[in-house]
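Peer 1: Shown below is the structure under consideration.
The values are calculated or read from the model by the stated rules, or taken from the named source; none is laboratory data. Everything numeric here is computed off the predicted structure, so don't read it as measured data. Note that each Cβ is placed from the backbone with ideal geometry, even for glycine, and that neighbours are counted across all protein chains shown.
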Amino acid sequence: MASTSAESSTANKPTLAPSPFVVPTDLPALPEVAGTDPTRCVLDSFRIAIAKVVADALEPLTVEQVYQGVDYGKKGEDFTVALPRFKLPGKIDELAKKVIGKFQPDEWVESVTHDRAFLHFRCRTSTLMRLTLDQIHALTYDTVSKQPEYGSNFLGEGKRVIIEYSSPNIAKSFHVGHLRSTIIGAFLANLYKACGWEVISMNYLGDWGTQFGLIAVGFEKYGNQEALEKDAIQHLFEVYVKISAEAEKDPAVRDEAAAWFRRMEDGDEEALKNWRVWRKLSVGKYAEEYARLNVHFDVYTGESEVPQAAMDAALGRLRELALIEEDNGALRVNLEKHKLGKAVVRKRDGTSIYLTRDIGGAVNRYDQYKFDKMIYVISAQQDMHVAQFFKVLELMGYEWAKSLEHVNYGLVLGMSTRRGTVVFLDQIIREASTVMHDQMRKNEEKYNAVENPEFVATEIGITGVKIQDMAAKRINNYSFNWDRMLSFEGDTGPYLQYAHVRLSSIERKNPELLPLPAPSQLNTDLLVEPQTREIIFLLGSYPDVVKTALKTHEPSGIVTFAFRLSHGISSAWETVIVKGEQDKEKAKARMALYLAARDVLGAALRLLSIKPLERM
């Protein structure tokens, strides 16, 4: 439960080390193109080489102009250029003939073919093999911290982003409804770190509001200190359920709760004493839950930590700008001309509301952290609230309001235990772990080889939950499916873990080939099978997959890549063998390919906040 202080937040932002990979000088020289980095994305070099071929033949096109039109090919083609996009005079066929007539194969590009309006280019296989393996070897050197370092484009070097996610309500158990925000937010935190940003992961707890008045009243009747210390979240939730039922029948209970919360807002120490204990115990419990999910926060904050002075200042500024109107004692900002309705900033009873606290909190954060971007990972159900929040800050004249982003997501439908009851997340994880543990026991020999089977079963279960969640576009609702989640067949979390375990077993099964020479010393010309080329091209494309994910904030692209890579490995496994291959040089080259695949698959899983397993 680290906390980032104001002092540390204003320190110099980190400067990242240069890439340890250098493009070999024995290859034909290439021009530099803005926005590319061949030292971190090997395919950038091939795209530049293709752009140069086209630009040299079709003046006055520049390499930079053509580069923007070098796209991944389909149906077995490496890269494709659509000639009509350049709007050049003359017929497409004649333009294509010019390019083909001037083309000379070299160490970057081995062939070009014309197909209607398109030119298809094939990379030189030997160069592709050599550079891709070399780059992965160089960029996955940090095997201790296991950070998702491979694929970093360092697009955000020196920039700071705050990512607010998860944000459960204290006194309400970590429900499956918080799952999506938590794992999407953790993915974004890893993604931005992998791309060179300084990331502050923030959990903005629902730790304030009239429900705490209810809990305070209820705790006097139903509270139990021993149960509180054992599991604060669960016990306070039970208290809340009981007192809420009473309040439904007796308005006097709700009035008593409102009066209690008013005392809390007024800073009455007696009213705040128990609340402080509940908050501290709840945060400790949440931290345990997050650790199980492989999620960590730099800052735990909450609605209670937004100073009253900040909210008062926000209301004062809105008044000065004549943005507030009164309605029977409530204060609202009229956003109808922006098609956002009317946003309430203070209730009729004078108490603060979410929006007021959000505005005060955002102003405070910018003052403290001077962020370049702040991302809120919040359900699509809250789209209107977030849009109002951003618009009010913009109308208040804050320039930094333009750097706020809302990453929204759909609902999880039908998540329950296998018996069909709606549950809290820890029950889902326990049940998934139990099912996976039972599955593992079916193979006694493999089970006995696993050092900590309970841990492994839990990780496979959590992987199943996360992959089912992140496999589709985040805005889509999805139906939770136990059978699909826990299957080792098809596109599931356990299948990805199995692929990583399989790749990790290669070193154990072939110790006589170790240590492998550096990739530049391997004879990669021996990797002649179509499957090996498919795998190597996929590995080379991973930095682009990361780059796209940074633009879209979609984990599904990383999941899709992980499945494509795992399928590629599976199709090669029986024919591109290491164990039993008589040619030791060929066996070593193949082993290097599989280990590179392991490293990239592991990096993709870590990006998704999943711990890659080595045995299962």
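Peer 1: Inside the range 99-119, can you point out the residues that are touching a residue at least 40 places away in the same chain (Cβ under 8 Å) and either surrounded by 19 or more Cβ atoms within 10 Å (Cβ to Cβ) or closer than 23 Å to residue 522 by Cα (or both)?
Peer 2: Answer for the range 99-119, where residues must be touching a residue at least 40 places away in the same chain (Cβ under 8 Å) and either surrounded by 19 or more Cβ atoms within 10 Å (Cβ to Cβ) or closer than 23 Å to residue 522 by Cα (or both): 99, 106, 107, 108, 109, 112, 119.
Peer 1: Residues in the range 168-198 that are free of Cβ contacts under 8 Å to residues at least 60 places away in the same chain and either in contact with a Phe, Trp or Tyr (Cβ under 6 Å, 6 or more places away or on another chain) or part of a helix (DSSP H, G or I) (or both): how many?
Peer 2: Number satisfying all stated conditions: 2.
Peer 1: Residues to consider are 547, 579, 586; find the one that is assigned to a loop (DSSP other than H, G, I, E, B) and either more than 28 Å from the chain's Cα centre (by Cα) or modelled with pLDDT under 95 (or both).
Peer 2: Answer to the check: 579.
Each row is one residue, and each column tells you yes or no for (1) at pLDDT below 90; (2) over 30 Å from residue 473 (Cβ atoms); (3) assigned to a loop (DSSP other than H, G, I, E, B).
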residue: 405; (1), (2), (3): no, no, no
residue: 409; (1), (2), (3): no, no, yes
residue: 419; (1), (2), (3): yes, yes, yes
residue: 434; (1), (2), (3): yes, yes, no
residue: 437; (1), (2), (3): yes, yes, no
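Peer 1: May I pose another question? Answer yes or no as to whether residue 524 is in contact (Cβ under 8 Å) with a residue 40 or more places away in the chain and buried (at least 20 other Cβ atoms within 10 Å of the Cβ).
Peer 2: Answer is yes for this residue.
Peer 1: Mind checking whether some residue in the range 213-230 is touching a strand residue (DSSP E or B) at 6+ places or on another chain (Cβ under 6 Å) and either in contact (Cβ under 8 Å) with a residue 60 or more places away in the chain or more than 30 Å from residue 478 (Cβ to Cβ) (or both)?
Peer 2: no
Peer 1: Now for a separate question. Does residue 177 meet the test of being out of contact with any helix residue (DSSP H, G or I) (no Cβ under 6 Å at 6 or more places or on another chain), surrounded by fewer than 18 Cβ atoms within 10 Å (Cβ to Cβ), under 23 Å from residue 365 (Cβ atoms) and at pLDDT below 95?
Peer 2: Taking the combined requirement at face value, the residue does not satisfy it.
Peer 1: Same structure, new question: Could you tell me which residue of the range 509-521 is modelled with the highest pLDDT, considering only residues that are in a helix (DSSP H, G or I) and either in contact with a Ser or Thr (Cβ under 8 Å, 6 or more places away or on another chain) or surrounded by 14 or more Cβ atoms within 10 Å (Cβ to Cβ) (or both)?
Peer 2: 513
Peer 1: Conditions: (1) modelled with pLDDT of 95 or more; (2) hydrophobic (A, V, I, L, M, F, W, C); (3) surrounded by 14 or more Cβ atoms within 10 Å (Cβ to Cβ). Residue 384 meets all but one. Number of the miss?
Peer 2: (3)
Peer 1: Would you confirm whether or not the range 101-118 contains a residue that is in a strand (DSSP E or B), touching a Lys or Arg at 6+ places or on another chain (Cβ under 6 Å) and charged (D, E, K, R)?
Peer 2: The answer is yes, given that some residue of the range 101-118 is in a strand (DSSP E or B), touching a Lys or Arg at 6+ places or on another chain (Cβ under 6 Å) and charged (D, E, K, R).
Peer 1: In addition: Answer yes or no as to whether residue 579 is among the basic types (Lys, Arg), in contact with a Leu (Cβ under 9 Å, 6 or more places away or on another chain) and not assigned by TED's automatic domain parsing to the domain that holds residue 405.
Peer 2: Considered against the rule, which asks whether it is among the basic types (Lys, Arg), in contact with a Leu (Cβ under 9 Å, 6 or more places away or on another chain) and not assigned by TED's automatic domain parsing to the domain that holds residue 405, residue 579 comes out as no.
Peer 1: For the range 480-493, check the following and say yes or no: at least one residue is part of a helix (DSSP H, G or I), in contact with a strand residue (DSSP E or B) (Cβ under 9 Å, 6 or more places away or on another chain) and either at pLDDT 95 or above or of a type outside the set (Phe, Trp, Tyr) (or both).
Peer 2: Checking the range 480-493: not a single residue is part of a helix (DSSP H, G or I), in contact with a strand residue (DSSP E or B) (Cβ under 9 Å, 6 or more places away or on another chain) and either at pLDDT 95 or above or of a type outside the set (Phe, Trp, Tyr) (or both).
Peer 1: Which residue, of 610, 569, 535, is under 26 Å from residue 190 (Cβ atoms), touching a residue at least 12 places away in the same chain (Cβ under 8 Å) and not in a helix (DSSP H, G or I)?
Peer 2: Within the list 610, 569, 535, the selection yields 610.
Peer 1: Something else about it: Pairs under 7 Å by beta carbon, first residue without any contact (Cβ under 8 Å) to a residue 12 or more places away in the chain in the range 56-71, partner among the small types (Gly, Ala, Ser), six or more apart or different chains?
Peer 2: 62/55
Peer 1: Give the residue that is modelled with the lowest pLDDT, with candidates limited to residues of the range 138-168 that are of a type in the set (S, T, N, Q) and touching an Asp or Glu at 6+ places or on another chain (Cβ under 8 Å).
Peer 2: 153
Peer 1: Checking residue 392 against (1) more than 17 Å from residue 164 (Cα to Cα); (2) at pLDDT 95 or above; (3) surrounded by fewer than 13 Cβ atoms within 10 Å (Cβ to Cβ), which single condition isn't satisfied?
Peer 2: Every listed condition holds for residue 392 apart from (3).
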